[in-house]
Amino acid sequence: MAAAEAEYESILCVKPDVSVYRIPPRASNRGYRASDWKLDQPDWTGRLRVTSKGKIAYIKLEDKVSGELFAQAPIDQFPGLAVETVTDSSRYFVLRIQDGNGRSAFIGIGFSDRGDAFDFNVSLQDHFKWVKQETEISKESQETDTRPKLDLGFKEGQTIKLNIGNMPTKKGGAPKPRAAGLGGLNLLPPPPGGKITAPPIPPPSSTAISNHVTPPPVLKSSNMGNADILLDLDSPASISKASALAAVPATTDLWGDFSTASSAVPNQAPQQSNWVQF
């Protein structure tokens, strides 16, 4: 009861001009025909208003001036027995109206404009389309609540172990160094107590020997043509060597020159010094 009172009434469609007809009983199961009514003599004219409250839609026929309610047709399903279309026109419909005492009757309504009839039909379709969606959502939520829930929590005493790479553990020490890339020069350190030996010097290759060019020997010849010009470049060195050899006397005592050189120097008197000896 409280949920029904909390629902509010919303207006879906309003048409200011509608005609109401008394219709004869249905002659067959083929449906109603608007041509059987007295279309030029409507029994009542007024305003039509389509409202909704919850999942129920209401078609209300009201007075144009005072707004007094003339008849009301509650709609719980569309298309259905509460609202039916005629077989020979799109501007006329058959309504099942009800009063507060539970009595019902069938009347015919019609619109002078075809657009008004289209709006009336679409407003009812949209409302019950929304009702269908709400029903499906509620069913899905109920099915979800009845399903067993998956418990992903830890039980008492349950633990989890994470294995993270390159992290020191309790048993081992620091992580192993990663291998160097293609362009890296990182080398592993020597083992403890080991010695680093120098790399052996490679022997000279035959290419290096072949690149070392020795000057050709000078041939002695009586013809001193171009050779004299080349020997003149070494003449100062040869002259200095010859003079040095001539100055050395031909004696076997090579240390005599040092004694004669020291004796030739005259004895010099010792110079007085201003320093006082203690």
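The values are calculated or read from the model by the stated rules, or taken from the named source; none is laboratory data. It should be emphasised that the depicted structure is a prediction, and the values quoted were computed from it without experimental measurement. Note that each Cβ is placed from the backbone with ideal geometry, even for glycine, and that neighbours are counted across all protein chains shown. Note: areas computed on protein heavy atoms with side chains; ligands, DNA, RNA excluded. Shrake-Rupley method; radii C 1.70, N 1.55, O 1.52, S 1.80 Å.
Observations on the structure shown:
- Check on PHE106, open to solvent by 40 Å² or more (accessible area, probe 1.4 Å), within 19 Å of ARG33 (Cα to Cα), part of a strand (DSSP E or B) and in contact with a Leu (Cβ under 8 Å, 6 or more places away or on another chain): yes
- Set side by side, the residues ILE97, ILE164 differ, and just one is open to solvent by 80 Å² or more (accessible area, probe 1.4 Å), of a type in the set (Val, Ile, Thr) and at pLDDT below 95, which is ILE164.
- Among residues of region 109-132, those that are outside any strand (DSSP E or B), open to solvent by less than 90 Å² (accessible area, probe 1.4 Å) and of a type outside the set (S, T, N, Q), counted: 13
- Single residue of PRO74, PRO79, PRO42 found to be more than 16 Å from VAL14 (Cβ to Cβ) and either of a type in the set (Val, Ile, Thr) or under 52 Å from the mean Cα position of the chain (by Cα) (or both): PRO79
- Options PRO203, PRO175; residue that is surrounded by 10 or more Cβ atoms within 10 Å (Cβ to Cβ) and modelled with pLDDT under 70: PRO175
- Test: residue in region 55-66 that is loosely packed, with under 12 Cβ neighbours inside 10 Å and farther than 20 Å from ASP119 by Cα: yes
- Of everything in region 133-157 that is assigned to a loop (DSSP other than H, G, I, E, B) and open to solvent by less than 100 Å² (accessible area, probe 1.4 Å), the residue that is nearest to LYS55 (Cα to Cα) is GLY153.
- Pairs where the first residue, in region 11-36, is open to solvent by less than 70 Å² (accessible area, probe 1.4 Å) and the second is acidic (Asp, Glu) and not in a loop (DSSP other than H, G, I, E, B), C-beta under 6 Å, 6+ apart: CYS13/ASP119; LYS15/ASP116
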